Amino acid sequence: MGRQAIDCSALAPAIGPYSHAVRAGDTLYVSGTIPVEPVTGEVVGGSVADQTERVLESLRILLESEGLSLGDVVKTTVFLSDMTCFTEMNEVYGRYFVQAPPARSTVAVLGLPKGVDVEIDCIAVYPE
C-alpha cells in the first residue's frame with residue numbers, strides 16, 4: 001500500500017508542515033494533537049481535564065474518519081507542560097481507554113505549541 005498522508009477535514013488545519021496522520025500499511029501514525037476547537041481553530045483553555053477531553057475527542061474524530069476507533073489504538077504518548085497535571089489528565093484519559101488500554105508514555109516537557117498544557121499522539125492498527 002505504501003505511504004498515504006491523511007488530513008482530516010473535520011479538524012482544524014495543521015499548524016505546520018505536517019499531516020494529521022500518515023497511513024503506512026495497516027498502521028496509522030497520528031501526529032501530536034493539541035486542544036484546538038475543530039471548527040474555529042481556537043485553542044481550548046481551561047483546566048488540564050478540559051484540554052485532555054478536547055484532544056481525545058479530536059483523536060476520536062480523526063480515527064473515525066479512517067474507519068477506526070480508540071479501541072484500535074496500540075500506543076499513545078502524552079506530553080504535559082507539568083507532571084503535577086498527571087492525575088487530572090489521567091482521570092479523563094481513563095474514561096476514553098477503559099478496556100485493554102493502549103501502551104502509553106507520559107512525559108513532562110518544557111513547552112508545547114500555542115502554550116497548551118496537553119498534547120497526545122497515537123499509533124493505531126487497522127483491523128484485519
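The values are calculated or read from the model by the stated rules, or taken from the named source; none is laboratory data. Everything quoted here is computed from the prediction, not taken from an experiment. With ideal geometry, Cβ positions are generated from the backbone for all residues, glycine too; neighbour counts draw on all protein chains shown.
Checking the stated criteria, Val73 turns out to be crowded, with 18+ Cβ neighbours inside 10 Å, farther than 13 Å from Gly32 by Cβ, modelled with pLDDT of 95 or more and touching a Pro at 6+ places or on another chain (Cβ under 8 Å).
Of the set (1) among the hydroxyl-bearing types (Ser, Thr, Tyr); (2) under 26 Å from Val125 (Cβ atoms); (3) part of a helix (DSSP H, G or I), all apply to Ser105 but (3).
Exactly one residue out of Val36, Val22, Val55 is of a type in the set (A, V, I, L, M) and closer than 21 Å to Tyr126 by Cβ, and it is Val22.
What do you reckon, is Ser47 farther than 13 Å from Tyr96 by Cα and surrounded by fewer than 20 Cβ atoms within 10 Å (Cβ to Cβ)? Against the criterion (farther than 13 Å from Tyr96 by Cα and surrounded by fewer than 20 Cβ atoms within 10 Å (Cβ to Cβ)), Ser47 qualifies. Determine whether Pro35 is under 14 Å from the mean Cα position of the chain (by Cα) and either at pLDDT 95 or above or loosely packed, with under 15 Cβ neighbours inside 10 Å (or both). Yes: the conditions hold for Pro35. Among the residues of segment 76-90, the one identified as charged (D, E, K, R) and surrounded by 15 or more Cβ atoms within 10 Å (Cβ to Cβ) is Glu88.
Selection over segment 91-124 of residues that are over 17 Å from Ile15 (Cβ atoms), surrounded by 15 or more Cβ atoms within 10 Å (Cβ to Cβ) and not aromatic (Phe, Trp, Tyr) gives a count of 7. Aliphatic (A, V, I, L, M), without any contact (Cβ under 8 Å) to a residue 60 or more places away in the chain, over 21 Å from Gly67 (Cα atoms) and not in a strand (DSSP E or B): does that describe Val92? Against the criterion (aliphatic (A, V, I, L, M), without any contact (Cβ under 8 Å) to a residue 60 or more places away in the chain, over 21 Å from Gly67 (Cα atoms) and not in a strand (DSSP E or B)), Val92 qualifies. The residue list Ala5, Ala14 contains one member that is within 27 Å of Pro127 (Cα to Cα), outside any strand (DSSP E or B) and hydrophobic (A, V, I, L, M, F, W, C), which is Ala14.
Within segment 95-128, if we keep just the residues that are in contact (Cβ under 8 Å) with a residue 12 or more places away in the chain and of a type in the set (Lys, Arg), the residue that is nearest to Ser19 (Cα to Cα) turns out to be Lys114. Restricting Arg60, Arg23 to residues that are farther than 26 Å from Leu110 by Cα, part of a strand (DSSP E or B) and of a type in the set (D, E, K, R) narrows the list to Arg23. For Val78, the stated conditions do not hold, so it cannot be described as in contact (Cβ under 8 Å) with a residue 60 or more places away in the chain and closer than 21 Å to Leu11 by Cβ.
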